[in-house]
Structure formats: structure tokens, C-alpha cells
1. Being more than 22 Å from Lys215 (Cβ to Cβ) and part of a helix (DSSP H, G or I), is that true of even one residue in the range 31-40?
2. Is at least one residue of the range 17-29 surrounded by 20 or more Cβ atoms within 10 Å (Cβ to Cβ) and of a type in the set (Lys, Arg)?
3. Take Ala39 and decide whether it is at pLDDT 95 or above, in contact with a Pro (Cβ under 9 Å, 6 or more places away or on another chain) and of a type in the set (Gly, Ala, Ser).
4. Going by the structure shown, is Lys25 over 16 Å from Gly52 (Cβ atoms) and either aliphatic (A, V, I, L, M) or free of Cβ contacts under 8 Å to residues at least 60 places away in the same chain (or both)?
5. Identify all residues within the range 164-210 that are assigned to a loop (DSSP other than H, G, I, E, B) and within 28 Å of Val61 (Cα to Cα); write none if there are none.
6. Looking only at residues that are touching a strand residue (DSSP E or B) at 6+ places or on another chain (Cβ under 7 Å) and not hydrophobic (A, V, I, L, M, F, W, C) in the range 175-194, which one is least open to solvent (accessible area, probe 1.4 Å)?
7. Please go through the range 147-171 and give me each residue that is without any contact (Cβ under 8 Å) to a residue 24 or more places away in the chain, open to solvent by 50 Å² or more (accessible area, probe 1.4 Å) and under 19 Å from the mean Cα position of the chain (by Cα), ordered by number.
8. Out of Thr71, Thr109, Thr95, Thr78, I need the residue that is crowded, with 23+ Cβ neighbours inside 10 Å and either at pLDDT 95 or above or of a type outside the set (Asp, Glu) (or both). Which one?
Amino acid sequence: MAQKVNLGLCTSGSRLKVAVAAGGKVFQAQKKIFNQEQALFGLAGRELARAGADLGSVDAVCAVRGPGRFTGIRISLTPAGALKAMAGAEVYTATLFEVLALQAFEHKTFGRSGLRRIAVLLHAFKDEYFCQFFAAGKGLKLPKPEGGPVWLKAEELKKLLAAETGYYAIGDSEEDPAVYGLLPAGRPAAPKAVSKVVPGYIIKAALASKNKTLKPLYLKPAKYELENK
């Protein structure tokens, strides 16, 4: 039986992230580039070749659907939809919150913390941030959202994080090195190794969520929405 080939894509941030899972191995790479559409197929092709595969042999495309830049998110979702339509590939998606929550959940420092909640922190724009809490207690096989994500100014989020209890935090410090500065003193947080989107977890989180929607998650309202609210 031919090996299954899963392709993971994330273009939500400043770094293009690609992963290929095949034959029990994961091949992954990232590249900081503004026009990610120019490098996506080259980087994906390289990682697929390392796995002995090509785009035509992809069984499933796993893509991050946000939050992030409008154009950035589309760069991943468009080829995912194209491979579904043209090659019959399955498509699974995950949010950045789900990817980071799973990375925290499976890291040994969370297990040792004795905590049962995870707060995922993402930089949005300027002094604005996104946050979503997940239940991650005993008996759960995957982190479970406690509610939807929120979009707050930095000072508002600091107050929220100070008021909440019993959580372990993970943020994308690769995108914003100051993200953990939002936390109250002494709050347990993920180490540097997982305080970023690890490409292989794009596939792992998307397959675990079983979500097949190609609908982007933007969160931040457009300027005209704010003006007419």
C-alpha cells in the first residue's frame, strides 16, 4: 500500500511554514518572506521531494485558516481548495489557537504544571492581541475551547489575564517577542521551542480537529465595520 502523504501549510504570519508527513516521518521548513505566494510551491515541492512525493500524491492538505492578514490566509486556503478540486485531496483546517494549544498540551512542561487550562496569545496589530482559553484537564485527549477567541487592546488583555486563574500560557513569541509581557508575574508559560507555530503541528492539529471548512478566520473587523458599528 502506498504511503499516505499529508501536506501542512501556514501563511497567517510573517513566516511561510510547510510540513509534509509521510511514512511516519515529518519534514518541515519555514521561510520569512513578505510575498509568500512566490515561495510556497517551491518550499512545498522541496519538502515533498524529501518525503519521496510530489503535489500529485498528496492525500490531505492541512491549512491554518487564521487569524492573520486577509491576503496571507488566502495563500494557504487557495491551493488547499485547488488540490481538493483537481486532485481529490482531503482538506482539513485548524486555527492558530488550535495549533498552539495542542503544542502546549503535549509539551512536558504543561504536564508538570498540574494546570487544566491553556491560554493562547497572539499578536494582532500594533497594541492589539487575540486570546482564546482552552480546557485541557485530566481525561481530555485534546484541548477543548472554553469559548470563542477575543480581540483586545494590550492593557485590556493584561487585565483579563490577571483576573483568570489556573491556566498555562502559550504565545507566538516568534511573531511578537514581547507577548509574554502581557502575563501577570509568575504565570507558567511555554518554553521558547514551542512558542511559535511548529510546522508539523499544523498537520497534527488539523487532522485532530476534523474541520473541513475553508472559511477564513479573520477576527479583526475591517475599518469600515468599526466606523459603521
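1. So far as the range 31-40 goes, yes, one or more of its residues are more than 22 Å from Lys215 (Cβ to Cβ) and part of a helix (DSSP H, G or I).
2. Looking through the range 17-29, at least one residue is surrounded by 20 or more Cβ atoms within 10 Å (Cβ to Cβ) and of a type in the set (Lys, Arg).
3. no
4. Taking the combined requirement at face value, the residue does not satisfy it.
5. Those that are assigned to a loop (DSSP other than H, G, I, E, B) and within 28 Å of Val61 (Cα to Cα): Asp172, Ser173, Glu174, Glu175, Asp176, Ala190, Ser195, Lys196, Val197, Val198, Lys210.
6. Applying the filter and picking the extreme gives Asp176.
7. Gly148, Val150
8. Thr95
The values are calculated or read from the model by the stated rules, or taken from the named source; none is laboratory data. Note that this is a predicted model, so its numbers are computed, not measured. A quick note on method: Cβ atoms are made from the backbone with ideal geometry, for glycine too, and the neighbour counts reach across all protein chains shown. The accessibility values were calculated without ligands, DNA or RNA, using every heavy atom of the protein model including side chains. Shrake-Rupley method; radii C 1.70, N 1.55, O 1.52, S 1.80 Å.
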